[in-house]
Amino acid sequence: MPGLSGKTVFITGASRGIGLAIARRVAADGANVVIAAKSDVANPKLPGTIHTAAAEVEAAGGKALAVKCDIRDEESVQAAVDASVERFGGIDVLVNNASAIWLRGALDTPMKRFDLMQQVNSRGSFLCAQRCLPQLLKSDNPHILTLAPPPSLEPRWWGPHTGYTLAKMGMSFVTLGLAAEFGPQGVAVNALWPKTVIATDALKMIPGVEVARCRTPAIMADAAREVLCREATGFHGQFLIDEDVLREAGVSDFEGYAVEPGQPLMPDLFL
């Protein structure tokens, strides 16, 4: 399999959580990592900034570029892409990790929240892909990996939080479309989703979730690394699950990924 050493990996929302875990993991392989996120000043409510993430990437063995980027804004995304090319000479991988969440019903969803989710999730993923693709098409093993679930029209996933499901499934359908368009051109366009709930700051948006019954972001990071090391040609349009990816790679013991080993795990949404 092609490795990630010397490859440039552009990750949105990589200042914390799953995005940061993926950044550290690919950095351990010697990748150049672009930390593209809005958090450039410390927030007492949310740990991590693009600068602390960049320091962690460097400590893990990679090269880092911290770029303040709002993926809702075309000029901001283009500036981040331009800075990446100037620093590293190109882009080999895009990880669409940034996502907004609001798990409420229609009557409890302010339109400001609804709009934010659509702008960040589906539109942001499309915009980042659009601006990275001219560089990806020059790469010898280009990947777009979006953290999105398998597409579903099951009412049980739509009724409780239509706004969020629409935004998240939007990322899934963007993946389908881009895979159909650019897969034949050699770009591996795929999605990755966790089998169980992952312990991140986003859990604060989910009432009733017990952190002890979750897995750490490391499982998504290890799975993402496995996906991104695969040969891109002929590999597109797949909706992958983290545990399945790692089992295929030979992993059989997943206890090390549990927040509290031995606890029954909570399945993630949309599965």
Which one is nearest to ILE22 (Cα to Cα), of the residues in segment 136-161 that are touching a Ser or Thr at 6+ places or on another chain (Cβ under 8 Å) and assigned to a helix (DSSP H, G or I)?
-> TRP157
Could you run through segment 180-208 and say how many residues are assigned to a loop (DSSP other than H, G, I, E, B) and either in contact with a His (Cβ under 9 Å, 6 or more places away or on another chain) or buried (at least 17 other Cβ atoms within 10 Å of the Cβ) (or both)?
-> 7
In segment 6-20, anything surrounded by 24 or more Cβ atoms within 10 Å (Cβ to Cβ) and within 19 Å of ALA218 (Cα to Cα) is listed as VAL9, PHE10, ILE11, THR12, GLY13, ALA14, SER15, ILE18, GLY19, LEU20
Have a look at ASP115, ASP70, ASP82 and point out the one that is assigned to a loop (DSSP other than H, G, I, E, B) and at pLDDT 95 or above.
-> ASP70
Count of residues meeting criterion [more than 21 Å from ALA23 (Cα to Cα) and not hydrophobic (A, V, I, L, M, F, W, C)] in segment 225-236 = 3
Any residue in segment 218-237 that's more than 17 Å from ALA28 (Cα to Cα): show its pairings with residues that are polar (S, T, N, Q) at Cβ separation under 6 Å, as long as the two are six or more apart or on different chains.
-> ALA232/ASN141
Quick one: SER76 ticks every box in (1) under 26 Å from PRO142 (Cβ atoms); (2) in contact (Cβ under 8 Å) with a residue 40 or more places away in the chain; (3) surrounded by fewer than 24 Cβ atoms within 10 Å (Cβ to Cβ); (4) of a type in the set (Ser, Thr, Tyr) bar one, so which box is it?
-> (2)
Taking the options HIS143, HIS161, name whichever one is in contact (Cβ under 8 Å) with a residue 40 or more places away in the chain, farther than 24 Å from ALA223 by Cα and over 12 Å from the mean Cα position of the chain (by Cα).
-> HIS161
Scan segment 108-125 for residues that are surrounded by fewer than 20 Cβ atoms within 10 Å (Cβ to Cβ) and not polar (S, T, N, Q) and jot them down.
-> ASP108, PRO110, MET111, LYS112, ARG113, PHE114, ASP115, LEU116, ARG123
Residues satisfying the stated conditions in segment 39-56, i.e. in a loop (DSSP other than H, G, I, E, B) and modelled with pLDDT of 90 or more = THR49
Of (1) out of contact with any His (no Cβ under 6 Å at 6 or more places or on another chain); (2) within 30 Å of LYS138 (Cβ to Cβ); (3) not β-branched (Val, Ile, Thr), ALA218 satisfies every one except (2)
Unique residue being at pLDDT 95 or above, under 20 Å from the mean Cα position of the chain (by Cα) and farther than 17 Å from ILE22 by Cβ when the list is PHE254, PHE239 | PHE239
Note on segment 28-42: residues surrounded by fewer than 24 Cβ atoms within 10 Å (Cβ to Cβ) and in contact (Cβ under 8 Å) with a residue 12 or more places away in the chain are ALA28, ASP29, GLY30, LYS38, SER39, ASP40
Filter segment 79-93 down to the residues that are buried (at least 21 other Cβ atoms within 10 Å of the Cβ) and in contact with a Ser or Thr (Cβ under 8 Å, 6 or more places away or on another chain), then identify the one that is nearest to LEU166 (Cα to Cα).
-> VAL93
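The values are calculated or read from the model by the stated rules, or taken from the named source; none is laboratory data. Please read all numbers here as calculations on a predicted model, not as lab measurements. So basically every Cβ, Gly included, is an ideal-geometry build from the backbone, and we count neighbours across all protein chains shown.
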